[in-house]
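Beneath this line is the structure, given in structure tokens, with notes to follow.
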Amino acid sequence: MEDTKDLVSKIQAELQGLTTSITDVVQTFKKMQEPIAESRQKVPEATVQLEKITEQTAEATHQMIDRVENITKITDEIVQEIGVLRKTLPATYFKNRSKIRDTVNGIEEKAQQNLDDALVILNALQFQDITSQQVHHASTLMEEIEDRLHHLLDVFEGKEGIEQLQSFIKQRVFDPNASFGDSSETQDDIDSLIADMQKNKVKK
Amino acid sequence: MQNLKILAVDDSPTMRRIIINTLKRAGFNDVVEATDGKDALAKMKVEDFNFIITDWNMPEMDGLTFVTNVRSSKEFESMPILMVTTRSVKDDIVQAMKAGVNSYIVKPFTPDTLKDKIMQVLQAT
């Protein structure tokens, strides 16, 4: 009889300890809920900021393209005007005027150099398309985290299985591996692969 | 080169402007732009083109579906198609070639690469 009493009090003590532990765990969960909810709320703010970066970068890039197009147009006109000048002047004009000839040739060369540089600047602006894809990828990853945090909060609040999970992931089109590196090596590899495929096609 | 009418398909307005400017500098002045595969197919119904440059990742209709659509038509089975994309994974390139692209350029490209590939495709087709 004494043994049974002892056992009951031991079980009671264990149960009390267990109750305290469960209360502690619940309290810890409650404490965790707030920062999780806060983090979840911050994700949309972050994605909005990222989208703003994409928009503003695109806008700045278009302004640069406008300027490059303008420089190209004016420089083309300079080259054309030099051509007109050469045609207008008699063929013998530059014979005894080497300084004028060298100056005209120099202007033409510099204009051509400007056109080449303008094309290099223009092509460097491809970074905007590539970085916008990288930003889209980052936004999608953040929305995936938002989804998971939302799911976790539902579990804490005992809503799991009651409500259908709302998805916060927006549909975006991007290449997750887009990168702005030196693509010349990659291009060489691609050319070899295509050449091999074409050879095999011919053999078949 | 002057008689070549090119259709440039890319959802990025930046890329379309870069491609068009680069093509013009290379002597290809007749370029029409489309924002995705669907838009490109609509333009091909009302205008004649001799060459297509297309991106892969695009909304509405992606580049691969667009190329498959073009190749499925008897009228366009020999249309030269150059894919210009950020996708450089081997499987993607194989998939694009199987779908019917004539050549493939990875972004960011250089003006010389674009011009050379167009000339190569034109010589081969």
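The values are calculated or read from the model by the stated rules, or taken from the named source; none is laboratory data. This one's a predicted model, so the numbers in the text were calculated from it and none came from an experiment. Don't worry about glycine lacking a Cβ; one is built from the backbone with ideal geometry, like all the others, and counts go over all protein chains shown. Ligands, DNA and RNA are stripped out before the accessible areas are found, and what is left, the full protein with its side chains, is counted by its heavy atoms. Shrake-Rupley method; radii C 1.70, N 1.55, O 1.52, S 1.80 Å.
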*asked:* I need the full set of residues from the range B:24-51 which are outside any loop (DSSP other than H, G, I, E, B) and among the hydrophobic types (A, V, I, L, M, F, W, C), in order please.
replied: B:V31, B:V32, B:A34, B:A40, B:L41, B:A42, B:M44, B:V46, B:F51
*asked:* surrounded by fewer than 19 Cβ atoms within 10 Å (Cβ to Cβ) and more than 26 Å from A:V68 (Cα to Cα): which single residue out of B:D48, B:D30 fits that description?
replied: B:D48
*Is it true that some residue in the range B:60-78 is part of a helix (DSSP H, G or I), of a type in the set (A, V, I, L, M, F, W, C), under 23 Å from A:L119 (Cβ atoms) and within 13 Å of chain A (Cβ to nearest Cβ)?*
no
*Answer yes or no as to whether A:K95 is open to solvent by 70 Å² or more (accessible area, probe 1.4 Å), under 31 Å from the mean Cα position of the chain (by Cα), among the basic types (K, R) and more than 14 Å from chain B (Cβ to nearest Cβ).*
no
_Test: residue in the range A:113-126 that is touching a Phe, Trp or Tyr at 6+ places or on another chain (Cβ under 9 Å), closer than 25 Å to B:L114 by Cβ and at the interface with chain B (Cβ under 10 Å from one of its Cβ atoms)_ = yes
_Selection within the range A:122-174 - of a type in the set (F, W, Y) and modelled with pLDDT of 80 or more_ = A:F127, A:F174
*Quick check, is A:S132 within 9 Å of chain B (Cβ to nearest Cβ), of a type in the set (G, A, S) and within 14 Å of the chain's Cα centre (by Cα)?*
yes
*B:N21, sole failed condition from (1) part of a loop (DSSP other than H, G, I, E, B); (2) within 10 Å of chain A (Cβ to nearest Cβ); (3) of a type outside the set (K, R); (4) open to solvent by 20 Å² or more (accessible area, probe 1.4 Å)*: (1)
*asked:* Residue under question is B:I6, and the condition is that it be closer than 22 Å to A:T186 by Cβ and either in contact (Cβ under 8 Å) with a residue 60 or more places away in the chain or among the β-branched types (V, I, T) (or both); does it hold?
replied: no
*Can you tell me which residue among A:E77, A:E51, A:E45, A:E69 is out of contact with any Pro (no Cβ under 8 Å at 6 or more places or on another chain) and open to solvent by 80 Å² or more (accessible area, probe 1.4 Å)?*
A:E45
*asked:* Looking at the range A:166-175 only, could you name the residues that are more than 10 Å from every other protein chain (Cβ to nearest Cβ) and open to solvent by 70 Å² or more (accessible area, probe 1.4 Å)?
replied: A:Q166, A:S167, A:K170
_Considering residues of the range B:89-125 that are buried (at least 21 other Cβ atoms within 10 Å of the Cβ) and of a type in the set (S, T, N, Q) only, the residue nearest to the other protein chains (Cβ to nearest Cβ)_ = B:S103
*If we keep just the residues of the range A:180-204 that are over 15 Å from B:A96 (Cβ atoms), at the interface with another protein chain (Cβ under 8 Å from one of its Cβ atoms) and polar (S, T, N, Q), which is surrounded by the fewest Cβ atoms within 10 Å (Cβ to Cβ)?*
A:S184
*Is it fair to say A:A138 is open to solvent by less than 70 Å² (accessible area, probe 1.4 Å) and more than 8 Å from every other protein chain (Cβ to nearest Cβ)?*
yes
*asked:* Against the conditions (1) at pLDDT below 95; (2) farther than 20 Å from A:L122 by Cβ, where does B:M1 fall short? Just the number, please.
replied: (2)
